[in-house]
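Below you'll find the structure, written out as structure tokens, and then a few comments.
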Amino acid sequence: MAARGTNAARIRQRMPLQTEIRNAILDDLILSGEISAGAKLPSEAELCETYAASRVTVRSALQSLAEQGFIQTRRGSGSIVLPRAKTIASHLTRLVSFDSYAEQAGEAFDTVDLVIEDCPDDDPARESFASDQQEHLTRLSRSKARGGQRVAWIIDYVPAQVLTRDELSEEFGRTGSVLDILIGRDLAQFADSTLEPVIIDEQLAGHIDAAIGSPTLQMSEMTCSRAGTLIDRSESWLLPGAFEFSFRRNRDSF
């Protein structure tokens, strides 16, 4: 395996260090395919050197990867990369688009039924934005298909002060994701999200290939800039069989 050098500078962000290193190992070695299923990760000592971290921190990162099913750790034998599931796994602590997760998992989404339009005056989502943002607000809706099945319906609302309708139309054709556009422009800093189960009604059944009355997951996100300004409201309806969400719960420190 080719040497990767020390990657400490790019992972020093706001999350706990063990979480940052866990995500770096996941992205650099597992999701990228550099270490294939059934092969071993580098030793703890090598990972400590690569990510300029202590053995305790690296061991905690590896434990997290094991708990979420990415690796199996065997005493005296190291950590083995496990085969990935067919569902698209999304880690709720990371601000990453569904398209990026799919790509990392070796899958791909097709964008179908794309509509980019001025947000209608009677759309209640308008009320989420400041009055000056509501004047020119773009609504972008589309379904996401995998293997010919529409597994998600997503709507984004973006003020013209952030991206104009023309900019959205041009860049979405290259990325397939509003969030990826915002991240690529270094506009998105964090998103406040909620996830709840809902039942597919007649309207949703027109955008997702599932029967009326079937369960789905609705994710609502308010994506903000570093200054805390709302730059994108997103509503997503996702088939549970196509997506898997995970996160770690920690005790509060007093």
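The values are calculated or read from the model by the stated rules, or taken from the named source; none is laboratory data. The shown structure was predicted, so the numbers you read here are calculated from the model rather than taken from an experiment. With ligands, DNA and RNA removed, areas are computed over all heavy atoms of the protein, side chains included. Shrake-Rupley method; radii C 1.70, N 1.55, O 1.52, S 1.80 Å.
How large is the helix-only mean residue ellipticity at 222 nm for the chain, computed as the sum of -39500 (n - 2.57) over DSSP H runs with n ≥ 4, divided by its residue count, in deg cm²/dmol to the nearest 500? All intermediate terms of the calculation are to be shown ahead of the outcome.
Details: 9 runs with 67 residues, N = 254.
The per-residue figure over the chain is -7000 deg cm²/dmol.
Each residue of segment 133-254 gets 148 Å³ once the volume of the Cα convex hull is shared out per residue. Each principal axis of the Cα cloud of segment 68-200 was taken in turn, and the coordinate range along them, longest first, works out to 62, 32, 32 Å. Think of a 1.4 Å ball rolled over the protein heavy atoms: segment 143-254 then has 53 Å² of accessible area per residue.
Based on the reciprocal of the average 1/r between different C-alpha atoms, the Kirkwood radius for segment 15-57 equals 10.8 Å.
Hey, how much of the P(r) for the chain falls beyond 32 Å, as a percent of Cα pairs? Before the final figure, lay out each step's value.
Working: 9557 of 32131 pairs.
Of all Cα-Cα pairs in the chain, 30 percent lie more than 32 Å apart.
For segment 172-225, the pair-distance distribution built from all alpha carbon pairs, in bins 5 Å wide starting at 0, is 4, 17, 17, 16, 16, 16, 11, 3 percent.
Taking amide H positions as modeled 1.01 Å from N, with prolines and chain starts lacking one, no residue 5 or more places away or on another chain lies under 5 Å from Ile208.
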